[in-house]
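Since the structure comes first, as structure tokens, the remarks are kept for the end.
The values are calculated or read from the model by the stated rules, or taken from the named source; none is laboratory data. Just so you know, these numbers come straight off a predicted model, no measurement behind them. Note that we place each Cβ from the backbone using ideal geometry, even for glycine, and neighbour counts take in every protein chain shown.
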Protein chains: 2
Amino acid sequence: MTQVAVHGVGTSPFGRQPERDLIDLTADAVGEALADAGDEPVDAVWVGTVFAPPGTAQRVLRALGITGIPIITVENACASGTTAFVEAHESVRTGRYGRVLALGVEQLSTAFGGAITPEPSDPEGRAGLALPALYAMAAARYLHLGLATAEQLAAVSVKNHAHALHNPRAQYAGRFSIADVLASRMIADPLTLLQCCPISDGAAAAVLAPATGGAREVGVRGLALRSGLPWNHRSPHVWGHDLVRDTAVEAFAAAGLAAATDIDVAEVHDAFTIGEIVTTEAIGLVAPGEGGKAAAAGVTALGGALPVNPSGGLLSRGHPLGATGLAQLAEITWQLRGDAGGRQVDGARIGLVETMGGGVSGLDGNACAVVVLEAP
Amino acid sequence: MTQVAVHGVGTSPFGRQPERDLIDLTADAVGEALADAGDEPVDAVWVGTVFAPPGTAQRVLRALGITGIPIITVENACASGTTAFVEAHESVRTGRYGRVLALGVEQLSTAFGGAITPEPSDPEGRAGLALPALYAMAAARYLHLGLATAEQLAAVSVKNHAHALHNPRAQYAGRFSIADVLASRMIADPLTLLQCCPISDGAAAAVLAPATGGAREVGVRGLALRSGLPWNHRSPHVWGHDLVRDTAVEAFAAAGLAAATDIDVAEVHDAFTIGEIVTTEAIGLVAPGEGGKAAAAGVTALGGALPVNPSGGLLSRGHPLGATGLAQLAEITWQLRGDAGGRQVDGARIGLVETMGGGVSGLDGNACAVVVLEAP
């Protein structure tokens, strides 16, 4: 099997951009990724999107002159972009193709008036378990069990919004206090507005090809993609925890990593503040029950022992669903090249991306992807 | 690389089934395919669908106890099911997985009141070029150039509806005359109602694994998947022709087939009667300009020299978008095993599936997949 490297990445700006269209956003991301990788043609493209109309991938790519080759749209809820990366990676690793593109693109501002509404066919969603409600249940459970405090939840928001001050492509950024976060409008108790990711538009892309030892190539050390049970009645953990844990264990084995503590920098799925706390614990970046404390103590902040979401994360960079995984991968690529500017994690050698796809109502816990990258 | 075989196939019935749901349809197809293949667990699933909500794949599969493994939804317009098959095939061919499932599922009766409407973001669709209109333009061009007559177009409908009399899973079947077809309600001039595929619900699935020489294994001899230009200004042919031709050339090379005339039986994308005519010519199953004559003369009928769409095709079996490609692959699998009952093509050794995905407005000509299968 072939060792694969990321040869180039690119993204659009993130934010509400209703005046632009999917072609504009794609052009930003793909143009930058191809230029970064050296502008050779690719053999195939995988495109992650959740709500773009059928046929979007072919339409936006042919506007950039990319046609004739296989173009395959993949959907895996919020993990769609990371799934596109996994599929692209596997095609190079197994020798199916020599050079491929993974793209994620989403324009939520024009697709929805506000938040994503559950599908009518989804009984849990009909019952009220939209995504904020589902994450709120996990947060409430953490508070009830004493695994986190409201202030620790808020600390994740404070941290990630501060990180985004150094990310010119982020949707939101700011120096908020814990009190600011707790005083923002209640969305789903105990999650306030500043603890919820925004409605975003954006695109991100990566070019993958065999590793050649180039000075700007970021190696794909290992990855895993899994689907999961919605509710695991035998697990003591909140929704999502076990799927993230199991996927990380599989990815670490593929990467030959002895421990999560070998990770220098991580981008994880903080769609809501509780998401980052549960995920850092599930992956083993922090000890069980220590995710909230780590955020509050600065352990997971830039300058801390293990920076998490230096880009600002979904909370601040934004969460254009299909694009998110590739935006995370672009961030870690920049970090491992030492190109992350004011948000650079010094000496980062091993980076991790984790993306969780929760279906429309969120109850499916339906997909998780974990990718381990290493510096050139 | 590993030689791959189809070890099992299954489908639901096809038709308007609003009283059933996506889980019911999936259970029919996957249950039959797994039982046919010997009921061993699979390592991964690719699911083709166009309009099922995000997260559907995980939801319907976990209802059957399939979870934990990678589940990847793919979309390629009407070629989504065949794309799922291509991706599943490539995963076994390249050694990524040992045994995989490809599923296609769609329930159009509950998703749309009538025909599929173009996306508002699609300028050609907004201008009126919905799919029937686009195919009607190709048909009008054929009539104008004398490449076919209205009666020859109708002959495709007569033939495929007669084939479906032998297919108990087909949505529609009947002994119509040319006059009946021409007298049915005009949908998009010159295409009448009986020349247009219906709104359908259904699912189909295939299990793929390395070939072991088993007596019921249908070998995958070669395949190709391409995207295409919407309008090729340098081509004298109607929309879609060149993409189908180029994809078939690539598939035949992969299959080591000297000529299209080596094909014994074919399932091709007859979403409208003109589609079968253009496709049989583009693939080389008949000579240029002979597609209509072949249908009228019985060459492409059961009992003719080269039976096309023995299942009844999209026109009669039905066209549940994401399921269609796998329904075609199931039909050819049954044909090559000699299990096709009253619609069996005697002595069929080499079979072909062609699926065309045309985007919502149809203008993209955006995907074509061709698969060549061979008898055990």
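Residue count for region B:225-244, restricted to those that are in contact (Cβ under 8 Å) with a residue 12 or more places away in the chain and within 13 Å of another protein chain (Cβ to nearest Cβ): 9. Within the set B:ARG226, B:ARG234, B:ARG216, the sole residue that is within 25 Å of B:GLY347 (Cβ to Cβ) and of a type in the set (Lys, Arg) turns out to be B:ARG216.
Every listed requirement among (1) within 20 Å of the chain's Cα centre (by Cα); (2) within 15 Å of A:ASP201 (Cα to Cα); (3) surrounded by fewer than 24 Cβ atoms within 10 Å (Cβ to Cβ) is met by A:SER12 save one, (3). In this structure, B:ALA44 does not satisfy being within 7 Å of chain A (Cβ to nearest Cβ) and crowded, with 20+ Cβ neighbours inside 10 Å. Residues of region B:286-307 being of a type outside the set (Val, Ile, Thr) and either surrounded by 24 or more Cβ atoms within 10 Å (Cβ to Cβ) or at pLDDT below 95 (or both), which ones? Residues satisfying the conditions are B:GLY291, B:GLY292, B:ALA294, B:ALA295, B:PRO307. In this structure, does B:ALA170 turn out to be farther than 30 Å from B:MET1 by Cα, aliphatic (A, V, I, L, M), away from chain A (no Cβ under 14 Å) and within 18 Å of the chain's Cα centre (by Cα)? Against the criterion (farther than 30 Å from B:MET1 by Cα, aliphatic (A, V, I, L, M), away from chain A (no Cβ under 14 Å) and within 18 Å of the chain's Cα centre (by Cα)), B:ALA170 qualifies.
Among the numbered conditions (1) surrounded by 23 or more Cβ atoms within 10 Å (Cβ to Cβ); (2) small (Gly, Ala, Ser); (3) more than 7 Å from every other protein chain (Cβ to nearest Cβ), the only one that B:GLY55 does not meet is (3). Against the definition (closer than 22 Å to B:HIS269 by Cα, touching a residue at least 24 places away in the same chain (Cβ under 8 Å) and assigned to a loop (DSSP other than H, G, I, E, B)), how does B:ILE66 come out, yes or no? When the stated conditions are applied, B:ILE66 does not pass them. Applying the condition of being under 18 Å from the mean Cα position of the chain (by Cα) and among the hydrophobic types (A, V, I, L, M, F, W, C) to region B:213-224 and asking which residue is nearest to the other protein chains (Cβ to nearest Cβ) yields B:ALA224.
Answer with yes or no whether B:ASP270 is over 24 Å from B:ALA88 (Cα atoms) and acidic (Asp, Glu). In short, yes. Which one of these is buried (at least 19 other Cβ atoms within 10 Å of the Cβ) and acidic (Asp, Glu): A:ASP246, A:ASP201? None of the others qualify; the one that does is A:ASP201.
All of (1) in contact (Cβ under 8 Å) with a residue 24 or more places away in the chain; (2) within 27 Å of B:ASN167 (Cβ to Cβ); (3) away from chain A (no Cβ under 12 Å); (4) not small (Gly, Ala, Ser) hold for B:ASP39 with one exception: (1).
Out of everything in region B:58-68 that is farther than 20 Å from A:VAL86 by Cβ and buried (at least 24 other Cβ atoms within 10 Å of the Cβ), what residue ends up being farthest from the other protein chains (Cβ to nearest Cβ)? Result: B:VAL60.
Can you tell me which of A:TYR172, A:TYR142, A:TYR135 is closer than 23 Å to A:THR83 by Cβ and of a type in the set (Phe, Trp, Tyr)? Of the residues listed, the single one that is closer than 23 Å to A:THR83 by Cβ and of a type in the set (Phe, Trp, Tyr) is A:TYR135. In the set (1) β-branched (Val, Ile, Thr); (2) over 26 Å from A:LEU134 (Cα atoms); (3) within 14 Å of chain B (Cβ to nearest Cβ), A:VAL345 fails one condition alone, (3).
One residue stands out among those in region B:131-163 that are β-branched (Val, Ile, Thr) and in contact with a Leu (Cβ under 8 Å, 6 or more places away or on another chain): the one that is surrounded by the fewest Cβ atoms within 10 Å (Cβ to Cβ), which is B:THR149. Across region A:213-233, the number of residues qualifying as part of a loop (DSSP other than H, G, I, E, B) and in contact with a Lys or Arg (Cβ under 8 Å, 6 or more places away or on another chain) comes to 4.
Applying the criterion of being without any contact (Cβ under 8 Å) to a residue 40 or more places away in the chain and at the interface with chain B (Cβ under 10 Å from one of its Cβ atoms) to the residues of region A:113-122, the residue that is surrounded by the most Cβ atoms within 10 Å (Cβ to Cβ) is A:SER121. Among the residues of region A:94-112, write down those that are within 10 Å of chain B (Cβ to nearest Cβ) and closer than 30 Å to B:ARG93 by Cα. A:THR94, A:GLY95, A:ARG96, A:TYR97, listed by residue number.
I'd like to check which helices (runs of 4 or more DSSP H) are fully inside region A:235-340 and have at least 2 residues that are more than 16 Å from A:TYR142 (Cβ to Cβ) and not acidic (Asp, Glu).
Helices (runs of 4 or more DSSP H) meeting the threshold: A:241-255, A:313-316, A:321-337.
Taking the listed residues B:THR2, B:THR49, B:THR11, B:THR26, the one that is in contact (Cβ under 8 Å) with a residue 12 or more places away in the chain, closer than 19 Å to B:PHE112 by Cα and not aliphatic (A, V, I, L, M) is B:THR49, with no other qualifying. For the list (1) crowded, with 23+ Cβ neighbours inside 10 Å; (2) of a type outside the set (Ser, Thr, Tyr); (3) farther than 20 Å from B:VAL6 by Cβ, I need the number of the one condition that B:VAL207 fails. All conditions are met except number (3).
Report yes if A:GLY351 is over 22 Å from A:THR192 (Cα atoms) and in contact with a Leu (Cβ under 6 Å, 6 or more places away or on another chain), otherwise no. Spelling it out, A:GLY351 is indeed over 22 Å from A:THR192 (Cα atoms) and in contact with a Leu (Cβ under 6 Å, 6 or more places away or on another chain). Counting the residues of region A:69-86 that are within 7 Å of another protein chain (Cβ to nearest Cβ) and either closer than 19 Å to A:ALA209 by Cβ or touching a Pro at 6+ places or on another chain (Cβ under 9 Å) (or both) gives 9. If you check A:THR212, A:THR273 for being modelled with pLDDT of 95 or more and crowded, with 24+ Cβ neighbours inside 10 Å, only one passes: A:THR273.
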